[in-house]
Amino acid sequence: MVMPYHQVNVLTGVKGCTVIEDAAKYAEIIKKAKRPLLVLGPLLTGNPFGDKILLEYALAIAAAGNIPTVATANIRGKMLEMGATPDSEYDVIEIINSLKKPDWPGVRNEGNHDLVMFFGIRSDLGNQGLSTLKHFAPHLKTMTMCKYVFPHANYSLPNIRKDEKWKSFLEELITKLKEEE
Amino acid sequence: MTQLEEKKNSFHHDHIWEVIRGDDQWEPVGPTPMPSPTDLRNWDMRLMKTYKPFYAPFCDLCCLCTYGKCDLTGSRRGACGIDISTQQARIILLACLIGCSAHAAHGFHILHYLIDKYGPDTKINLGDNVAIEAPNIRLVLGMKPETLGDLLKVTEYIGQQVVHMLDAAHTGQEGSYLDYESKALHIGMLDHVGMEVADLAQISAFGYPTSEANVALVECGWGSIDTSKPTIAVVGHNPASSTNVIDYLTASSLMDKVEVGGICCTALETTRYSDKAKVIGPLSHQLYFIRAGIADVILTDEQCIRTDMPEEARKAGSALIASSDKACHGLDEVSDWEVDDIVKAIVEDGKQVLILDHVKAGEVAVKTAMALAPKRRKDLITLEEGMELAKECKTCGICERVCPNLLQIGEGLAAVAKGDVTPLEKLFNQCLGCGKCEEECPRNVPIFKIMQLGARKGTYNVRQGRGPIMDREIRNVGAPLVMGTIPGAIALVGCSNFPDIDDIVDIVEEFAKRKYIIILSGCSAMVAGMKRDENGQTIYDKYPPDFDQGGVLNVGSCVANSHITGAVIKIANIFAGLPLRANYEVIADYCLNRVPAVGVAWGAYSQKAASIATGCNRLGIPVVLGPHSSKYRRLFLSDKADDDWTVMDGRKKELVQTYEPSPEHLLYVTETKEKAMVAIARLCLRKNDTPAGRQLKLNHYISIYKKYMGPGLPDDLQHFVRNDKDLPIVYKREAMTYLKEVGWKPKPVLTLPTLIGTYPSKVSLDAVVR
């Protein structure tokens with residue numbers, strides 16, 4: 001069992017995440033999904049790579065995969081500043097509450113989502129929300145984009161110590177998502 | 001037929017009648033005096049039909065019995081048959097039981113202490129301006145307590161219920177998560193009763209401020225402590241010992257020669273007793289202050305005390321006196337020793353002691369502090385020393401991995417090594433003060449010592465805890481609150497596990513400026529005063545202390561939270577004229593549907609906080625929590641606009657689908673203060689708002705949304721606009737365009753919305769009409 005970066009997220013259970021380091025594998029899972037969803041959190045205003053804020057990477061992922069977005073917390077304002085309009089607004093707990101209902105119509109009214117990606121949510125709150133989905137939403141899979149292990153997700157990145165490595169992962173993911181089948 | 005009438009001619013009936021003095025006709029006895037765990041179950045089930053329990057399991061296993069460990073992941077069940085939802089609800093019940101017990105036992109202890117001192121017939125006296133002295137007790141038990149002896153009967157009832165509910169958590173008992181939640185709601189309700197007992201006793205017997213709003217401002221913060229004087233730090237919640245410190249100092253004319261500062265709620269209790277005492281700071285500053293060694297004596301009582309206090313006190317060279325049977329810390333009890341012998345053992349031999357005689361504990365604390373202080377140095381670290389120590393840090397990141405607030409401590413230390421303390425000042429405000437970072441550091445960097453450089457060492461202020469809201473204040477604000485022209489009453493309560501300490505000030509400021517009523521308690525009340533603006537003013541300097549629009553007031557410690565629910569209850573009673581006595585469903589229904597009160601527990605960490613919030617929820621008060629609180633495992637969420645928002649129109653006596661999700665949730669976690677502020681404004685909406693009131697509330701909701709979420713309108717605005725009269729003038733054109741786009745249709749406006757009549761209850765619809 002892989003240890004999460006933050007000890008508050010240590011798994012006390014038997015079903016943990018699959019850690020994936022390969023961006024191509026991540027892209028493959030996303031592409032296979034029929035109705036993926038990208039949930040965006042307030043930490044995306046951070047600028048760990050020194051060039052552009054994380055939100056730009058997140059929006060590039062959404063664009064590359066034609067993935068609808070949910071703005072949580074106060075990230076909406078920054079999205080609008082950058083010319084992006086979220087498909088929907090919820091707080092993270094509210095979107096999780098909706099996702100756990102199999103018959104929820106989803107943010108585009110096309111049916112509930114089958115793959116939900118979380119990016120930019122503080123890890124303790126994010127992992128708690130993922131716990132809800134692990135236990136109560138067997139109809140969907142979850143994935144995280146932050147540089148930490150989220151034990152309650154289905155698919156998580158490893159703990160990435162070097163931000164450059166994380167940046168490379170995100171860039172490669174965007175590239176792979178853009179590639180035609 | 002009421003529950004009590006059904007039980008007529010039984011021992012149970014006679015017992016209740018005797019305890020509540022049923023023959024006293026101050027009000028007719030309502031349907032649920034001294035309710036059993038199931039008397040209000042239907043109300044709970046009705047609440048949970050809309051506000052469904054939402055679980056985020058913190059642990060996938062159950063480890064409570066020797067069948068286990070049992071994995072409950074997904075649809076698995078434990079060996080006893082329990083599923084993951086029911087297990088979460090069971091843990092919630094246990095948390096509420098612990099929380100309720102902490103307050104009730106505080107009340108029980110202080111009552112015994114005060115009855116021993118003053119006698120059981122000592123009158124409850126809250127001054128001339130508080131006639132409804134015990135709204136929670138009147139409402140729940142149906143009793144009008146007059147003496148300390150009466151309060152003892154209340155604690156006996158709570159004790160009986162706690163035992164009963166603890167039993168329900170045994171393996172092989174309750175099997176429904178909804179029933180566990182109903183029990184948790186029951187215990188949460190009783191928690192407010194227990195808190196009320198404790199504070200009524202304290203106010204009456206200690207002579208705390210009451211029946212006035214403009215109470216004193218007391219000094220707050222590290223800088224308020226004159227380190228040249230002998231210093232006693234009182235830590236915890238129960239003032240039995242700390243008040244004796246004050247008494248001894250006063251009797252010995254030493255008050256100006258010794259510093260008494262408090263950490264956590266004892267600070268608020270002690271400053272209510274004497275405005276010469278100081279508030280050192282909240283729970284999150286406890287370990288910092290202790291390790292700084294400023295206290296010559298640490299006097300602990302109960303709750304929220306570091307459990308490693310003996311070790312920490314010894315490392316700091318401070319004397320330690322424990323004074324509660326609930327937190328003995330393994331120390332030798334010396335209650336029977338002569339005072340001078342105890343002082344000698346502490347000063348000469350470094351003995352740490354347990355003294356359960358509070359008078360003696362007070363005297364020993366003072367004498368020890370005066371003897372020890374001249375022998376001790378209290379120097380805080382210098383920047384040069386800090387820079388040298390910080391250079392030991394190699395930013396390996398282990399401290400960050402164990403930090404419960406996920407802080408990037410290494411970056412702060414790296415800056416200090418270069419002589420820059422600015423990042424550390426930010427970190428200090430975010431730090432929860434647990435000490436995990438230093439414990440795990442492989443290079444033994446004294447992080448806490450270095451963090452002293454980031455501590456706010458100024459002197460701030462906090463208003464004394466004022467106790468209950470006065471009846472005339474309720475009369476003044478009842479109508480505007482219920483009609484919506486005062487947009488809401490917001491209570492920021494409790495502990496200090498904040499994502500950032502300054503969040504509290506920012507939230508208070510935002511809503512006080514907008515003329516909401518702001519009520520504070522506990523650690524939140526302290527930190528609200530620990531920031532000065534560009535003019536050097538704290539929020540207590542800037543806003544009036546009245547329970548009125550734009551007022552910012554501090555009710556007191558944890559147990560004073562009962563005055564917040566008490567005020568809401570009194571609005572239903574004094575303004576709306578609804579009888580209180582054992583009339584819980586009617587009053588809770590009124591609070592839910594008509595009183596725009598919202599609780600905010602931004603830094604909640606304890607079982608007490610879980611219990612307080614659960615009690616608020618049963619009374620129909622929504623509560624917003626900070627991000628750490630997702631670890632409480634359970635929220636109460638509606639399905640927003642997708643839910644069934646049918647209520648009874650009390651005047652027409654017919655069911656009406658309102659299509660309006662108000663209040664939208666009962667227990668809700670947000671990640672950032674910005675989102676919390678938007679949520680608070682939205683949660684103040686009530687179905688009975690007048691058009692003017694709704695306009696005002698929507699004006700704030702939209703304005704806060706635009707300020708923190710960016711341009712445009714909230715995407716749920718259409719759910720809260722009943723007709724065009726609800727639209728704030730300043731946003732009317734923009735809103736009408738939006739409403740047209742989303743296909744908005746007018747909704748019914750109700751003046752008497754109620755859930756009574758929508759679920760099985762013995763309460764008749766006529767009971768809500770006044």
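Rounded to the nearest Hz, the phi-derived 3J(HN,Hα) couplings of segment B:365-377 under the Karplus curve 6.51 cos²θ - 1.76 cosθ + 1.60 (θ = phi - 60°) are 4, 5, 5, 5, 4, 5, 7, 7, 3, x, 8, 10, 9, where x marks glycine and proline. Each Lys and Arg Cβ is given +1 and each Asp and Glu Cβ -1; about its Cα centre, segment B:16-206 then shows a dipole of about 700 debye. If you look at the Cα atoms of segment B:383-454, you get an Rg and a Dmax of 10.5, 29 Å.
With neighbour counts taken as other beta-carbon atoms within 10 Å, the residues B:Trp602, B:Trp645, B:Trp744 rank, fewest first, as B:Trp744, B:Trp645, B:Trp602.
Each peptide in A:56-68, B:256-268, B:729-741 was scored by the mean count of other Cβ atoms within 10 Å over its residues; highest first, the order is B:256-268, A:56-68, B:729-741. Taking max minus min of the alpha-carbon positions on each principal axis, segment B:222-375 gives extents of 33, 33, 28 Å, largest first. Think of segment B:383-454 as a dipole: +1 on every Lys or Arg Cβ, -1 on every Asp or Glu Cβ, centred on the Cα centre; then among B:Val402, B:Gly419, B:Met451, B:Val402 lies furthest on the positive end. Centre-to-centre separation between the Cα atoms of segment B:713-770 and those of segment B:565-605: 21 Å. Measuring nothing but how far apart in sequence close Cα pairs (under 8 Å, 6+ apart) lie, relative to its length, segment B:441-538 scores a relative contact order of 31 percent.
Based on C-alpha pairs under 8 angstrom that are at least 6 apart in sequence, chain B has a relative contact order of 15 percent. Placing unit charges on each Cβ (+1 for Lys and Arg, -1 for Asp and Glu) gives the protein assembly as shown a dipole about its Cα centre, and among B:Val647, B:Tyr177, B:Val768 the Cα reaching farthest toward its positive end belongs to B:Val647. Shape of the protein assembly as shown from the C-alpha gyration tensor: oblate (a/c of 1.5 or more and a/b not above b/c, with a ≥ b ≥ c the square roots of its eigenvalues). Dipole check for chain B: with +1 at the C-beta of Lys and Arg, -1 at the C-beta of Asp and Glu, and the Cα centre as origin, the magnitude is about 2040 Debye. Basic side chains Lys and Arg get +1 at the Cβ, acidic Asp and Glu get -1 at the Cβ, and with that the dipole of segment B:494-601 about its Cα centre reaches some 420 debye. All other residues whose Cβ lies under 15 angstrom from that of A:Ile121 are scored, Lys and Arg at +1 and Asp and Glu at -1, for a net of 0. The phi torsions of segment B:748-759, fed into the Karplus equation with coefficients 6.51, -1.76 and 1.60 and a -60° offset, translate into couplings of x, 10, 10, 9, 9, x, 8, 8, 4, x, 9, 8 Hz, rounded to whole numbers, with Gly and Pro shown as x.
Ranking B:Gly330, B:Leu254, B:Ile294 by Cα position along the charge dipole of segment B:222-375, where only Lys, Arg, Asp and Glu carry charges on their C-beta atoms, puts B:Ile294 farthest toward the positive end. Relative to the first principal axis of the alpha-carbon coordinates of chain B, what is the inclination of helix B:177-206, with its axis defined by its Cα atoms, in degrees from 0 to 90 and to the nearest 10? Orientation of helix B:177-206: about 60 degrees from the principal axis.
Antiparallel beta bridges, as assigned by DSSP with both residues in segment B:222-375, represent about 5 percent of the total such bridges. Could you name the aspartates and glutamates whose alpha carbon sits less than 18 Å from that of B:Lys117, not counting residues in the same chain fewer than 8 places away? Reachable aspartates and glutamates: B:Glu146, B:Asp150, B:Asp199, B:Asp247, B:Asp357, B:Glu363.
So in chain B, what percent of DSSP beta bridges are antiparallel if you round to the nearest 5? Once the DSSP bridges in chain B are tallied, antiparallel ones form about 35 percent. Ellipsoid semi-axes for chain A, based on the Cα gyration tensor and the rule √(5λ), read 21, 20, 16 Å when sorted largest first.
Amide H contacts of A:Phe118: A:Val39, A:Met143, A:Thr144, A:Met145, each under 5 Å away and 5 or more positions distant or on a separate chain (H built 1.01 Å from N in the peptide plane; Pro and chain starts excluded). Among A:35-48, B:25-38, sorting by the average number of other beta carbon atoms lying within 10 angstrom of each residue, highest first, gives A:35-48, B:25-38. For B:Gly488, the residues whose amide H sits under 5 Å from its own are B:Ile517, ignoring neighbours fewer than 5 places away on the same chain, with H placed 1.01 Å from N. Using just its DSSP H runs of length 4 or more, each adding -39500 (n - 2.57), the protein assembly as shown gives a mean residue ellipticity at 222 nm of -12500 deg cm²/dmol after division by all residues. Neighbour counting of Cβ atoms within 10 Å sorts the residues B:Thr565, B:Thr210, fewest neighbours leading, into B:Thr210, B:Thr565. Positive contributions from Lys and Arg (+1) and negative ones from Asp and Glu (-1), summed over other residues with Cβ under 12 Å from the Cβ of B:Leu254, come out at 0. Within the straight-line cut-off of under 25 Å between alpha carbons, the lysines reachable from A:Lys31 are A:Lys15, A:Lys100, A:Lys101, A:Lys134, A:Lys141, A:Lys147, A:Lys165, A:Lys167, A:Lys176, A:Lys178, sequence neighbours fewer than 8 places apart in one chain being disregarded. Across segment B:432-448, computed HN-Hα scalar couplings (Karplus, 6.51 cos²θ - 1.76 cosθ + 1.60, θ = phi - 60°) run 8, x, 8, x, 4, 4, 5, 4, 8, 4, x, 9, 6, 5, x, 4, 5 Hz from first to last residue, x flagging Gly and Pro. Normalised Debye scattering of segment B:77-168 at q = 0.10, 0.11, 0.14, 0.18 Å⁻¹ gives log10 I(q)/I(0) of -0.38, -0.44, -0.63, -0.88, counting only Cα atoms as equal scatterers and leaving out solvent.
Pairs of alpha carbons in chain B separated by more than 35 Å make up 46% of all such pairs.
Spread over its residues, the convex hull of the C-alpha atoms of segment B:293-415 is 128 Å³ per residue. With everything on Cα atoms, drop me the angle between helix B:240-251 and the longest principal axis of chain B, reported from 0 to 90° to the nearest 10. The two axes meet at around 60 degrees. Across peptide A:121-129, the average count of Cβ atoms from other chains found within 10 Å of a residue's Cβ is 6. Close amide H contacts of A:Gly111 (hydrogens built in the peptide plane, cut-off under 5 Å, sequence separation of 5 or more or a different chain): A:Gly106.
For segment B:311-376, applying the loop criterion from DSSP together with a ceiling of 14 other beta carbons within 10 Å to the GluC sites (Glu not before Pro) yields B:Glu338.
Read the figures in this text as sums done on the coordinates, not as results from a lab. These numbers come from a predicted model, not from an experiment. Positions of Cβ are generated from backbone atoms using ideal geometry, with glycine treated the same way; all protein chains shown enter the neighbour counts.
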